[in-house]
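Notes to accompany the following structure.
The values are calculated or read from the model by the stated rules, or taken from the named source; none is laboratory data. If you're wondering where the values come from, they're calculated on a predicted model, not measured in any experiment. Here Cβ is always computed from backbone atoms with ideal geometry, including for glycine, and neighbour counts include all displayed protein chains. Only protein heavy atoms, including side chains, enter the accessible area calculation; ligands, DNA and RNA are left aside. Shrake-Rupley method; radii C 1.70, N 1.55, O 1.52, S 1.80 Å.
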Amino acid sequence: MTAVGIDAIEIWTGKLRLDLPGTFAPFKGEDPEKYTKGLGLEASSFPDVYEDIVTMGANAAKRLMDRRGLTPDDVGRIDVATESAFDNSKPVSTYIAGCLEQVFDGDFHHANKGERKFACVAGTQSIDDAYNWIKAGRNRGRSAIVVATDTALYERGDPGEATQGAGAVAMLISEDPDVVELSTEQGYGSADETDFLKPNQQFPSVDGKRSVQVYLARMREALEDYESVAGDTHLDDFAYIPFHTPFPGMVRKAGLLGFRHMIRDTEIEADLAGEIGRQPREGEFGSREAYEDAIREYMDALKRTETYQDWYAAAIEPTLTISRQVGNWYTGSVHIARVSALKNAAETGRGLTGERLLVGSYGSGAQAEIHAETVREGWRDEIGRLGLDEQLARRYELSFEEYEQIHDAHNHVKETEIEELTQPSGEFVFTGWGRMNERKYDYIE
Ligand code: CAA
């Protein structure tokens, strides 16, 4: 069977940086540790005034094509996943293709283009579409470019404001891929939920506390569904477990639930029983309430055990490094968690070829998806060529007043005159609106 998966990855971060504990927390009158320890965030990335979902996506895709020496003829699909789209008809992928045609010889006239929407899980769904297209033999030897691009901004004063971010991840999906092969087996947890939505409005309506519960419930269903086709999961099956990461504190909760699930009825549970007891089983309790109290107590004890902490430090913590520095990128978020893990392995000299990842994606509204990935031989070279660290270090540091102006500049219903804070160079920029209210872009040498 032909291996299909992620062949190359490139990232473009918004060029501005907001220090959350140092700049944001003091203005909000909050303890900086709510950010560093509670949410697990150091900084958010924001787009400069000439950046948007198109420029960030096109810049990531251009890097990908340059690095792999691709021409438009090599690409049979361009799919964009976003929850920040500004047009209900014309897809962002057409804008991105138009940008790329400004700088590459040839065109994408024979490439299928689309836009995927299901909150943050749409990036993973676009990879799925590309995977299925290749597996069905419809790709004519060509690859797909999947771009996950978002400006994850919240209304000012919304609790979600603490978790904002902006950036794009471009991925090349091909046969015989260099980074990871995707498993055929998948699990879904999907239900009609009202946790986070944007009913024709730019900033989301969010029930933050409920959204956390829905994330965990759907993720658990997806894991059970995955196990129903792939068999039980065990801790040592997976080198890393990248999750959708709206903020690292969310993954701390998901990781603990996943650990409890995976050790149930195993030697690990039995070994821990001497220290913290066996996991409560519902049948052993007279009421749901008593059972839930016992579960809470068990989880509190479980997270303090060395066995759990060692596993978390090895399998989960390394997936959070980039997220801590950039915040939530919605559709791109689980994909930077994967990159974070691979980067950690490369930096620590870990051999990863043939090892597996378990990837947990989530989109509000709500759907979780879980699949496995097998790391391919070319992964180290690919990850070693990412220019992400330089991009992160080069970001312009925002004052609180500048943050507010930038937030206003990206607010679709505000008229704001603000100068750019960085100088564009070697990138696509937004230049204004055309006669049909379309957005216009140029490449700046
Ligand atoms: N020191 C250490 N920790 C602190 C602290 C301090 N001084 N102050 C607070 N904390 C901890 C809290 O205990 C809490 O941790 P636990 O949940 O583990 O108890 C954490 O920091 C956050 O504090 P609060 O719960 O008080 O924060 P909040 O109510 O202001 O906001 C939130 C939290 C509701 C999740 C908010 O950030 C939000 O609405 N975010 C947007 C929605 C979201 O991201 N939901 C996630 C699931 S939905 C999803 O994943 C899709 C998506 O991308 C949006």
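Values computed for the structure shown
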{"quantity": "The listed residue being modelled with pLDDT of 95 or more, among the aliphatic types (A, V, I, L, M) and either buried (at least 24 other Cβ atoms within 10 Å of the Cβ) or more than 21 Å from Asp176 (Cβ to Cβ) (or both), out of Ala111, Ala97", "calculated": "Ala97"}
{"quantity": "Residue count, the range 127-157 (criterion: of a type in the set (A, V, I, L, M), in a strand (DSSP E or B) and under 20 Å from Leu64 (Cα atoms))", "calculated": "5"}
{"quantity": "Flag if Asp129 is under 22 Å from the mean Cα position of the chain (by Cα), more than 20 Å from Leu41 (Cβ to Cβ) and in contact (Cβ under 8 Å) with a residue 40 or more places away in the chain", "calculated": "yes"}
{"quantity": "Cross-chain or 6+ apart pairs with Cβ under 8 Å, the range 149-165 first and under 13 Å from Phe46 (Cβ atoms) and within 9 Å of the ligand (Cβ to nearest atom), then acidic (Asp, Glu) and open to solvent by 30 Å² or more (accessible area, probe 1.4 Å)", "calculated": "Glu161/Glu155"}
{"quantity": "Unique match (being open to solvent by 10 Å² or more (accessible area, probe 1.4 Å) and of a type in the set (Phe, Trp, Tyr)) among Phe46, Phe24, Phe86", "calculated": "Phe86"}
{"quantity": "Output for the range 221-230, where each listed residue is free of Cβ contacts under 8 Å to residues at least 60 places away in the same chain and open to solvent by 30 Å² or more (accessible area, probe 1.4 Å)", "calculated": "Glu224, Ser228, Val229"}
{"quantity": "Any hit, the range 28-42, residues being within 22 Å of Leu386 (Cβ to Cβ), outside any helix (DSSP H, G or I) and either open to solvent by 40 Å² or more (accessible area, probe 1.4 Å) or in contact with a strand residue (DSSP E or B) (Cβ under 7 Å, 6 or more places away or on another chain) (or both)", "calculated": "yes"}
{"quantity": "Residue check, Tyr330 under 30 Å from Ser228 (Cβ atoms) and surrounded by 15 or more Cβ atoms within 10 Å (Cβ to Cβ)", "calculated": "yes"}
{"quantity": "Tally, over the range 426-444, of residues that are of a type outside the set (A, V, I, L, M, F, W, C), open to solvent by less than 50 Å² (accessible area, probe 1.4 Å) and within 17 Å of His410 (Cβ to Cβ)", "calculated": "3"}
{"quantity": "Among residues of the range 333-356, those that are hydrophobic (A, V, I, L, M, F, W, C) and either more than 15 Å from the chain's Cα centre (by Cα) or open to solvent by 10 Å² or more (accessible area, probe 1.4 Å) (or both), counted", "calculated": "3"}
{"quantity": "Which numbered condition Lys198 misses (of (1) more than 10 Å from the ligand (Cβ to nearest atom); (2) closer than 18 Å to Ala368 by Cβ)", "calculated": "(2)"}
{"quantity": "Leu216 being open to solvent by less than 50 Å² (accessible area, probe 1.4 Å) and within 11 Å of the ligand (Cβ to nearest atom)", "calculated": "yes"}
{"quantity": "Qualifying residue in the range 245-257 (condition: within 30 Å of Gly327 (Cβ to Cβ) and of a type in the set (S, T, N, Q))", "calculated": "yes"}
{"quantity": "Where a residue in the range 55-67 is open to solvent by 10 Å² or more (accessible area, probe 1.4 Å) and its partner, wherever it lies, is of a type in the set (Asp, Glu), with Cβ under 6 Å and at least six apart", "calculated": "Arg63/Glu10"}
